[in-house]
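The values are calculated or read from the model by the stated rules, or taken from the named source; none is laboratory data. Because the structure is predicted, anything quoted here is derived from the model rather than measured. Using ideal geometry, Cβ is built from the backbone for each residue, glycine included, and neighbour counts are taken over all protein chains shown. Only protein heavy atoms, including side chains, enter the accessible area calculation; ligands, DNA and RNA are left aside. Shrake-Rupley method; radii C 1.70, N 1.55, O 1.52, S 1.80 Å.
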Amino acid sequence: MKTAPLVAATLAFDTEGVAFSSAYRDRYHPRSGALEQAAHVFLHGNGLPGRWQGRERFVILETGFGLGNNFLATLAAWRGDPRRCERLHFISIEKHPFTRADLARAHEGSPLRELADELLHAWPSPTPDLHRLDFAGGQVQLLLALGDVADWLPQIAARVDAFFLDGFAPDRNPAMWQPRVFKALARLAAPDATAATWSVARMVREGLVTAGFEVERAPGSGAKREITRARFAPRFVPRCAPARLAAALPDGGERHAIIVGAGLAGCATAMALAEQGWNCTLLEGLASMAGATSGNRAGVFHGIVNPQDGAHARFNRAAALHAAGAVQQAITQHGAAGQVAGVLRLESRSSEAEMRAQLDALGLPPDYVQALPAADASRLAGLALPLPAWFYPGGGWVAPPALAASLVQRAGAKATLRCGTQVAALRRAGDAWQAIDVRGAVIAKSAVVVLANAADAQRLLDEPRWPLSKVRGQVTELPLATPGLRLPLLPITGNGYVLPALPGATALFGATSQPGDDDPQLRVEDQRHNLARLERLTGSSPRDGACVELAGRVGWRCVATDRLPVIGAVPDLAAIAAQPGLRLDQPCLVPRLPGLYVYIGLASRGITWAALGARTLAAVIAGSPCPIAASLHDAVDAGRFASREARRESARRLGDSVARRAAPSGPRAP
């Protein structure tokens, strides 16, 4: 997905006091009122609240968020309905989002002021991403896609029950009503999905009919004599891609999953599944959770900036926004040691002017990232820094074990933790998976298993030849009283990292990166390496560094070659081998084993990736809307390796064919 800088809407009012867009020369809602339109056109026009009653989940997609009145009216209706669905997902797309200040001004006299204040409190940083905002304790989720509707609709992964087709009039904003928009709606529509809009323009009605909707006119309200209602009734319904299918549960089966591994990935998955209404059993081989790679005393999290804004940059940006909320909750509600006050990342390859030019081109807002000269970065750090720096205001640090514990606490009674339980093997028995111990006994069984045990997952999967490696890392710890030691006020990163003073009067910095190294012992040469990094990052040089007491920790990261996590249903290699002509060019098309999932490869970004990766996986398992763009889903999908191998094989065969045709033929027989 190609992102573009966002251009904020400007709040204005016409002579009658109705919110007005000077860019499109149209009102945001009719004179009769935004909430009246929301109730009559979009709620009643889609048969709501009746259609969501008694449902586990109901999904709405809106094509223009605007001032958010349709969402607020829907939230109010859901809260006031005693028979409401368990979970309401509201997806909305907005090309020109308002600033928080303008949104607040627009809702000053709103009858739903309390709900509007909740929206304002949750209003996201204006980055061109899919932002998740939680309401009603997480039972209502707003997925707000900032960008053009034609770009975003193909990137939405959801089964939509009702469409709110809102936006400026077709003659003022024809791009929102073009045929490819309606075609994209059909791809997202669940069986018997409905749609409603205030417009009765011919291009709207014909677009819906062409996309497979049955269309009717219905009485309008206010100054509108008629509105359009529609029901999805296509002649042909395409099959869902294997990677996007929800977990199949036996009739009457409990929504329950076994999670192998209770580090950050496993604990975050427990939290994310609990948000979806699932129970889980966490099986951890060590004596306590977060005892392996997630066991460092502290770690850092932040986003990244890349001039191309490719998949790696976009996933890290989206993940950092999720991480900030998870870390802040761990600190404020569960007493975790940490701080969400920003991170400085030193920049050695670009000047400050070049950094600012990158931000201008990308249009990234200052509450996500800033380009600072060395002097400004030094003031924030409380140390003289030698280089300019990227400043991520929403970044910070936290103790990973405390974050893991917080995630499990958020899952509450829906998560059962069993430590000291080593899974030796997995076995398929009927429609369930069995976790087997070293004696061959069944530890637990479930229709759904998630392997969140880093590199050890490959052993349980019979070594599927995924391009993953174990990378040894050693961090160094020193007492704050060490002569010559000076620490920053904020975390500093850049080919290594150093944290502010930790509880217990400890300094922590590092870390080494050593693929294929299995040595569990602390090493003096690695400590010297970390001390050199400390000096390069901060100018701090503890006296007699080589003789400083050797203290720290060794752990192993699970790292994929493309530096992204591995998330999703496990590919069915036997099915691939048995069907040589199977289409595999896209990761989502790769066949999957039923009920078996992985969440591994968190590398050195476990804190940053944990929450978003887990919510992505939980959405797949539960069949709920995915919190990331489809292109990012493909980028982290566990099927991507099989897809790449298939594309390489196809290219090789094509090359061989071209070579054969180009080869000179031999002499003709006389």
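Please specify each residue of the range 54-68 satisfying the condition of being of a type in the set (Asp, Glu) and touching a Phe, Trp or Tyr at 6+ places or on another chain (Cβ under 6 Å). The one that is of a type in the set (Asp, Glu) and touching a Phe, Trp or Tyr at 6+ places or on another chain (Cβ under 6 Å): GLU62. When GLY516, GLY606, GLY568 are checked against the criterion of being modelled with pLDDT under 95 and either within 30 Å of LYS445 (Cα to Cα) or touching a Ser or Thr at 6+ places or on another chain (Cβ under 9 Å) (or both), a single residue qualifies: GLY516.
The set of residues in the range 212-226 that are within 19 Å of VAL160 (Cβ to Cβ), open to solvent by less than 20 Å² (accessible area, probe 1.4 Å) and not aromatic (Phe, Trp, Tyr) contains only GLY212. In the set (1) within 28 Å of CYS558 (Cβ to Cβ); (2) open to solvent by 30 Å² or more (accessible area, probe 1.4 Å); (3) of a type outside the set (Phe, Trp, Tyr); (4) part of a helix (DSSP H, G or I), the condition left unmet by ALA357 is number (1). Within the range 527-550, the set of residues being at pLDDT below 85, open to solvent by 60 Å² or more (accessible area, probe 1.4 Å) and in a loop (DSSP other than H, G, I, E, B) comprises ARG543, ASP544, GLU549.
Each residue in the range 332-354 was checked for being among the β-branched types (Val, Ile, Thr) and surrounded by 20 or more Cβ atoms within 10 Å (Cβ to Cβ), and 2 of them qualify.
Listed here are the residues, each with its yes/no results for (1) surrounded by fewer than 17 Cβ atoms within 10 Å (Cβ to Cβ); (2) touching a strand residue (DSSP E or B) at 6+ places or on another chain (Cβ under 8 Å); (3) assigned to a loop (DSSP other than H, G, I, E, B).
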position	(1), (2), (3)
LEU88	no, yes, no
PHE98	no, no, yes
GLU108	yes, no, yes
GLU114	yes, no, no
LEU119	no, yes, no
THR127	no, yes, yes
LEU133	no, yes, no
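Restricting the range 411-427 to residues that are without any contact (Cβ under 8 Å) to a residue 60 or more places away in the chain and either open to solvent by 70 Å² or more (accessible area, probe 1.4 Å) or assigned to a helix (DSSP H, G or I) (or both) leaves a set whose member that is nearest to ALA618 (Cα to Cα) is ALA413.
Go through the range 462-476 and give me each residue that's over 25 Å from the mean Cα position of the chain (by Cα) and in a loop (DSSP other than H, G, I, E, B). Matches in the range 462-476: ASP462, GLU463, PRO464, ARG465.
Each row is one residue, and each column tells you yes or no for (1) out of contact with any Ser or Thr (no Cβ under 8 Å at 6 or more places or on another chain); (2) farther than 30 Å from SER446 by Cα; (3) not in a helix (DSSP H, G or I).
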{"site": "ASP367", "(1), (2), (3)": "no, yes, yes"}
{"site": "ALA375", "(1), (2), (3)": "yes, yes, no"}
{"site": "SER378", "(1), (2), (3)": "yes, yes, no"}
{"site": "PRO386", "(1), (2), (3)": "yes, yes, yes"}
{"site": "VAL408", "(1), (2), (3)": "yes, no, no"}
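Within the range 500-510, is even one residue in contact (Cβ under 8 Å) with a residue 60 or more places away in the chain, surrounded by 14 or more Cβ atoms within 10 Å (Cβ to Cβ) and not aliphatic (A, V, I, L, M)? The answer is yes, given that some residue of the range 500-510 is in contact (Cβ under 8 Å) with a residue 60 or more places away in the chain, surrounded by 14 or more Cβ atoms within 10 Å (Cβ to Cβ) and not aliphatic (A, V, I, L, M). Taking the range 10-27 as the range and being in a loop (DSSP other than H, G, I, E, B), in contact (Cβ under 8 Å) with a residue 40 or more places away in the chain and either open to solvent by 50 Å² or more (accessible area, probe 1.4 Å) or of a type outside the set (A, V, I, L, M) (or both) as the test, the residues that pass are THR10, ALA23, TYR24, ARG25.
Looking across GLY266, GLY295, one residue alone is more than 30 Å from ALA357 (Cβ to Cβ), surrounded by fewer than 24 Cβ atoms within 10 Å (Cβ to Cβ), touching a helix residue (DSSP H, G or I) at 6+ places or on another chain (Cβ under 9 Å) and not aromatic (Phe, Trp, Tyr). It is GLY295.
The residue that is nearest to PRO627 (Cα to Cα), among those in the range 244-262 that are open to solvent by 20 Å² or more (accessible area, probe 1.4 Å) and not aliphatic (A, V, I, L, M), is ARG244. Of the strands (runs of 3 or more DSSP E) lying entirely inside the range 169-262, the ones with 1 or more residues being more than 29 Å from LEU632 (Cβ to Cβ) are found at 189-197, 213-219, 226-232. Inspection of the range 454-470 finds a residue satisfying the criterion of being at pLDDT 95 or above, within 16 Å of ALA614 (Cα to Cα) and open to solvent by 20 Å² or more (accessible area, probe 1.4 Å).
Pairs are defined by a Cβ separation below 6 Å, a sequence spacing of at least 6 or placement on different chains, a first member in the range 317-330 that is under 14 Å from ALA405 (Cα atoms) and modelled with pLDDT of 95 or more, and a second member that is part of a helix (DSSP H, G or I) and open to solvent by less than 10 Å² (accessible area, probe 1.4 Å); the pairs so defined are ALA326/ALA611; ALA330/LEU403; ALA330/SER406. Would you be able to say whether some residue in the range 50-60 is aliphatic (A, V, I, L, M), without any contact (Cβ under 8 Å) to a residue 12 or more places away in the chain and on the phi < 0 side of the Ramachandran plot? No: the range 50-60 contains no residue that is aliphatic (A, V, I, L, M), without any contact (Cβ under 8 Å) to a residue 12 or more places away in the chain and on the phi < 0 side of the Ramachandran plot.
Put simply, of ALA195, ALA158, ALA150, ALA162 the only residue that is more than 27 Å from ALA19 (Cβ to Cβ), open to solvent by less than 50 Å² (accessible area, probe 1.4 Å) and in contact (Cβ under 8 Å) with a residue 12 or more places away in the chain is ALA158. When ALA323 is tested against (1) hydrophobic (A, V, I, L, M, F, W, C); (2) under 30 Å from SER446 (Cα atoms); (3) out of contact with any Pro (no Cβ under 7 Å at 6 or more places or on another chain); (4) assigned to a loop (DSSP other than H, G, I, E, B), only condition (4) is not met. Restricting to the range 269-292, give me the number of residues that are buried (at least 24 other Cβ atoms within 10 Å of the Cβ), over 24 Å from ALA447 (Cα atoms) and of a type in the set (S, T, N, Q). Residues in the range 269-292 being buried (at least 24 other Cβ atoms within 10 Å of the Cβ), over 24 Å from ALA447 (Cα atoms) and of a type in the set (S, T, N, Q): 0 in total.
Selection of the range 40-70 for residues being among the charged types (D, E, K, R) and not in a strand (DSSP E or B) yields ARG51, ARG55, GLU56.
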